[in-house]
Every structure is written in C-alpha cells, then in structure tokens.
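Before any comments, here is the structure.
The values are calculated or read from the model by the stated rules, or taken from the named source; none is laboratory data. Just so it is clear, the model here is predicted, and its values are computed rather than measured. Counting neighbours? That spans all protein chains shown, and the Cβs are built from the backbone with ideal geometry, glycine included.
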Amino acid sequence: MFNGKSIFISGGTGSFGRNFIRRLLEQYQPKRVVVFSRDELKQYEMQQTFNAPCMRYFLGDVRDADRLRQAMRGIDYVVHAAALKQVPAAEYNPTECIRTNVNGAENIIAAAIDNGVKKVVALSTDKAASPINLYGATKLLSDKLFVAANNIAGEQQTRFAVVRYGNVAGSRGSVVPFFSKLIADGAEQLPITDERMTRFWITLDHGVQFVLDSFARMHGGEVFVPKIPSIRIVDLARGMAGHLPHKNVGIRPGEKLHELMVPLDDARMTLEFEDHYTIQPSIRFTSVDVDFAVDKLGEHGRAVSENFEYRSDTNPHFLSVGQIADLHAKLSV
C-alpha cells in the first residue's frame, strides 16, 4: 500500500523512525518519505545512511502548526512518533510535555485533515492506560484526540488510529542501553528499582511491523494493542549481566510497579484477534459506520470477558532469563 505513496514521520530521527524508514525502503518503493524532527544533527547523521532519492528532511517542531501544514503537503500516510517520553523529566517539566504531546497531537491532526491525508497512525504507550504519571496522562489525551479526530475529519475522509505498546527493547533512553553502558564501564552492580517490577517488552522490528499492519487493517478510531511478552526487570539484569549483584534503588517519580495496556474499564470495548487486541472507540462516529470485529484485512475478532485486563504481571507470556540473554546478544550485534 506504500508503493508510489508519500509518507510523513514525525520524530523520524528516533529509534522507531529510523527502523520504520529502513523497512519502508527495503519492502516498498515510496514516492516520498518526509522525516520531520527538530534536531538538525540527528537529521544530518541520518542523511548519511538514508540518502535515497525519495528521502526528504524537514526541520520543525510538532508545536508549530504552520510548519506541519507545510511539511505535510501531498502526503498520503502519516506516522506520528514525536513525543517527550521520559517519565521523570515530564514530572519536573509538565508544561513542556503537554505542549509537545497534547498540543503537538492537535497540530498533527489539523495538518493531516487540511492536507487530505488518507490515514494517520499515532504511536502511544502502555503508560496511557490508567495513567499515574504526567507522561501517561498526556499520551492518554493524545489517544483520545486521535480517536475523536475521525469525527472532526468529516467529509475529508482522513482516518486516524492509535498503536499502543510497551517498552521497546534497545530503544534510545530505555533501560537496555542504560544497563549496557554501566556494564561496559565496569560497574560492580546494577541498579534495580524494585525486584517485583514487570514490563511489557517488544522489539523494534515487531513494533515497526505492527504499525505497518495497523495501516492495512484500520477502519479509523481503533486503539491497536499487540500481544507481546512481559519481562521482570530483575530477569533483564540477570540476562544482561548475571555475574553482577543488584542494588535496589526504589521506584522513580511517576513509575508503576506493573504496566497495563488494556484496563478493566475498557474490556467491554475490546476485541481479541489472533496477534493483537483492538479497543473500539467508545464514541459514535458520524462518518465511520463499520463492524470493528472484522478489520480491513478480513481478520475476525471476538469480545473479551467483562473482567479482562491486559497487565504486564498477569500476562501469560514471560521471557525467561535465557531468552532475554539471547535477545540482548542479538541487539548487541
């Protein structure tokens, strides 16, 4: 569906953006790929690797509505990956987080509608489900904005959906590179926030493929949640450096002990498919009248039980220490 099309990626110089673009160029022949981000150094570095004739690099900030409208001209598909996502930083800098994650989402929506974009997929996070921190709260607001945007679009027919998943293995700013640096620097112990802590875990490759699949299966208004494994943070430390002892340092501001991707209150709107869950919109759309139990790919879903929750600590699929070690070895290559 991306052959001969123009694709726009906000936050395109990040870990997800780089891997998404690599997959696009390997599997499709896009007409144009627009990387939109605010860091000129990262764009310069990215141009050394991604220099295909279809590539375009736009400096800009999602807070700037006019620049977004300009950069999105002639675009068919949008991936919104730009965000301020460090939980403690958001707690100490709430206004900045709101301006990027909430106001930026509004600007993406307006620019997409004004330019007649066909489909928009916004990246979300497990922290948006029953949030207790500011980052999660801003992403929940963002999710709600993108779902409601299907009504706002009206006759423009721009369709919006959300992809929500957990921690991305090896992404910049995550715990894996943090542990890796400590190990490389000769640390004598690894800091563990809480030995009971669990997290959802997804590889970049899986995340990229899930977003590509979501473009193909979306009607508009869905929140797509992949079925992915969980890890125990203490097992992650053991898998990366089993010889090092651990030091409990306590949970950081805004952190949860366990993460949640489908809250209990969303169970009545949730459908289970073979490899993912779909949270249906709770509001009625004036321009989208579809059966969400059958997606655009013809996949059929079924309603989950009324007491269903998708939690990192009760997830039936946990990675073992050995599996984590194997995954870390692959990421290190």
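Inclusion of Gly136 among residues that are part of a loop (DSSP other than H, G, I, E, B) and modelled with pLDDT of 95 or more is not warranted.
When the residues of region 51-71 are filtered to those that are over 20 Å from Tyr28 (Cα atoms) and not in a helix (DSSP H, G or I), which remaining residue is nearest to the chain's Cα centre (by Cα)? Give the steps one after another, and end with the answer.
Initial filter on region 51-71 (over 20 Å from Tyr28 (Cα atoms)): 58-71.
Checking which are not in a helix (DSSP H, G or I) leaves us with 58-64.
Working: Phe58: 21, Leu59: 22, Gly60: 20, Asp61: 18, Val62: 16, Arg63: 19, Asp64: 22 Å.
Per the criteria, the residue is Val62.
Checked against (1) without any contact (Cβ under 8 Å) to a residue 24 or more places away in the chain; (2) of a type in the set (Gly, Ala, Ser); (3) in a loop (DSSP other than H, G, I, E, B), Ser130 passes all but a single condition, namely (1).
In region 269-287, the residues that are surrounded by 14 or more Cβ atoms within 10 Å (Cβ to Cβ) form Cβ pairs under 8 Å with partners that are part of a helix (DSSP H, G or I) and of a type in the set (S, T, N, Q), at six or more places apart or across chains, as follows: Pro281/Asn150; Phe285/Asn150; Phe285/Asn151; Ser287/Asn150; Ser287/Asn151.
Quick check on region 300-333: of everything there that is assigned to a loop (DSSP other than H, G, I, E, B) and of a type in the set (A, V, I, L, M, F, W, C), which residue is surrounded by the most Cβ atoms within 10 Å (Cβ to Cβ)? Out of the qualifying residues, it is Leu319. The residues on offer are Ile251, Ile283, and the sole one that is among the aliphatic types (A, V, I, L, M), farther than 30 Å from Ala325 by Cα and over 22 Å from the mean Cα position of the chain (by Cα) is Ile283.
Please go through region 219-250 and pick out each residue that is of a type in the set (Lys, Arg) and within 30 Å of Asp266 (Cα to Cα). Correct list: Lys227, Arg232. Residue-level analysis places Glu299 outside the set of residues that are in contact (Cβ under 8 Å) with a residue 12 or more places away in the chain and out of contact with any Asp or Glu (no Cβ under 9 Å at 6 or more places or on another chain).
Residues of region 32-59 that are closer than 20 Å to Gln70 by Cα and surrounded by 15 or more Cβ atoms within 10 Å (Cβ to Cβ): Arg32, Val33, Val34, Val35, Phe36, Ser37, Arg38, Gln43, Cys54, Met55, Tyr57, Phe58.
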